[in-house]
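Take a look at the structure set out below.
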Amino acid sequence: MAEENKHIDSKISPCTGAVSGRRVIIAGGGTGGHIFPAIAIANALIRNAPDLEVLFVGAKGKMEMEKVPQAGFNIRGIDIEGFNRSSLIKNIWLPFKIIKSIFQVRKIVRSFKPDAVIGVGGYSSFPVLRFAQVKGIPTFIHEANSFAGKTNILLARKASKVFVATDGMEKFFPSQRIMITGNPVRAALLKPVNRDESIAHFGLNPDKRTVLASGGSLGAKGINEAIESGINEFEKNDVQLIWQTGKPFAEKAKAVTVGRKNIWTNDFITKMEFAYGAADIVISRAGAMAIAELCVVKKPVVFVPFPFAAENHQTVNAQNLVLKNAGLMIRDDEAKGKLVSTAIDLIKNEKRQEELKANIGKLAITDADEVVAKEILEVINKRK
């Protein structure tokens, strides 16, 4: 496990030593929508119980193996992955990896001896929570989306609590186990940031209006292609762009923005508080976590829902905000023709921006991590 833990910051003592012996495992990941709420919950647990020890378990090769240590927490990787629908031949080793992951999980759980296990979704959460349930260890699930993942649906039957973002989740989970908490957001987003400092972080001009375009931690093809096709419009309208592309589009984005001083681009933004702080308006997917963050930072948004989300739930998410006059929406298949012009029109219309900011801000939930942490600690303490 030395290779997996080489990035651990030994100076962050709350994450490494436990006096009382209380321990929690947080399992899952794959995307920022799973990882960042998990980190927010971990930090809330530590704030409420400084002697608590937290261990993450994730899938080897996934982004949690990088992002979790950066947040100061220990993580163990297991050999687990999902079924590959695009290339059936790649699934040949899947049964062996699943079996191997079961043995890895058994070793981790027996060694760490957790008092509770929390699953946040993603491939790695299933074997960890299932083993914990077999061993009688209390398990908790956090479901960020309005359409629950299959892993969480299966695990919920024996979970102590299922924390959800919205009402109406009884169609997925046993009603007696559901607790509506909202979605935990990164702690850094709860603190006001200076706009000039934020703009300077990206090397841009504080006197110019700025658009943030982000398709999430893995990028968004529809948004990226729309930005690329309308790239000249930003300079024509004296507008700056902060463009998070995800890794697949990063090289192309760098090529089309060479020499453009009004555009900053990279595959990932580490300091999202500065990105939001710099932005006058935002272009975003409509995943549950993106919406939770945008409500907290109160930004006017043009949503481009991911069209292949389960039950088209991202479109439903975006439409809910549009109906509340809390956001705009462009369909993914219309983005190339409409997205940039819609964003430019919005950034020029300050009255419309103020309306959207006021309405999206009304939907913010800022204490979900605290509510979740206290509920978990209450169960742990009753067992001690």
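Any read-out appearing in this document is the output of simple, stated calculations on the displayed coordinates, not a laboratory observation. Keep in mind that this is a model prediction, so the values were computed, not measured. Don't worry about glycine lacking a Cβ; one is built from the backbone with ideal geometry, like all the others, and counts go over all protein chains shown.
At a Cα cut-off below 14 Å, give the aspartates and glutamates reachable from LYS100, other chains included and same-chain residues fewer than 8 away excluded.
ASP79, GLU81
Can you tell which of LYS271, LYS236, LYS247 shows the greatest fluctuation in a Gaussian network model of the chain with Cα springs below 10 Å?
In the Gaussian network model the winner is LYS236.
Give the long-range amide H neighbours of THR245: residues separated by 5 or more places, or on another chain, with amide H under 5 Å away, using H modelled in the peptide plane at 1.01 Å from N.
Residues meeting the amide H criterion: ASN266, ASP267, PHE268.
Projecting each Cα onto the charge dipole of the chain (Lys/Arg +1, Asp/Glu -1 at the beta carbon, about the Cα centre), which of ALA255, ASN237, LEU52 comes out farthest on the positive side?
Highest projection toward the positive end goes to LEU52.
How big is Rg to Rh over segment 293-384, alpha-carbon atoms, Rh as the Kirkwood inverse-mean-distance radius?
Answer for segment 293-384: 1.16.
Helix-only estimate, please: 222 nm mean residue ellipticity of the chain, summing -39500 (n - 2.57) across DSSP H runs of length 4 or more and dividing by its residues, to the nearest 500. All intermediate terms of the calculation are to be shown ahead of the outcome.
On the way: 15 runs with 161 residues, N = 384.
For the chain, the value works out to -12500 deg cm²/dmol.
Set the bar at 24 Å for Cα to Cα. Now go through LYS97/LYS135; LYS107/LYS382; LYS236/LYS362 and name every pair that lies beyond it.
On the way: LYS97/LYS135 22 Å; LYS107/LYS382 26 Å; LYS236/LYS362 34 Å.
Correct reply: LYS107/LYS382; LYS236/LYS362.
On a 0 to 90 degree scale, rounded to 10, what angle separates helix 94-112 from the longest Cα axis of the chain?
So the helix axis and the longest Cα principal axis differ by about 70 degrees.
Exposed loop sites here are chymotrypsin sites (Phe, Trp or Tyr not before Pro) in DSSP loop states with at most 12 other C-beta atoms within 10 Å. What is the longest stretch of the chain lacking them?
Longest run free of exposed loop sites: 94-307.
What does the convex hull of the alpha-carbon atoms of segment 188-361 project to on average, in nm²?
Its average projected convex-hull area is 8.9 nm².
What distance in nm separates the simple spin-label points at ARG195 and LYS374, each placed 7 Å from Cα in the Cβ direction?
About 3.5 nm separates the two model spin labels.
Which of the aspartates and glutamates could a cross-linker span from LYS221 if the Cα-Cα distance has to be under 14 Å and same-chain partners fewer than 8 positions apart are dropped?
GLU251, ASP267, ASP332, ASP333, GLU334
Sequence gap at least 6, Cα distance under 8 Å: using those rules, report the relative contact order of the chain to the nearest whole percent.
With pairs under 8 Å counted, the relative contact order is 15 percent.
By the scheme Lys and Arg +1, Asp and Glu -1, what is the net charge of all other residues having a beta-carbon under 15 Å from that of ASP333? Write out the running numbers ahead of the final one.
Numbers: positive: LYS221, ARG285, ARG331, LYS336, LYS338; negative: GLU225, ASP332, GLU334.
Net charge around ASP333: +2.
Quick one: 3J(HN,Hα) in Hz for segment 317-329, Karplus 6.51/-1.76/1.60 with θ = phi - 60°, rounded, Gly and Pro as x.
4, 5, 4, 4, 6, 4, 5, 8, 6, 10, x, 10, 9
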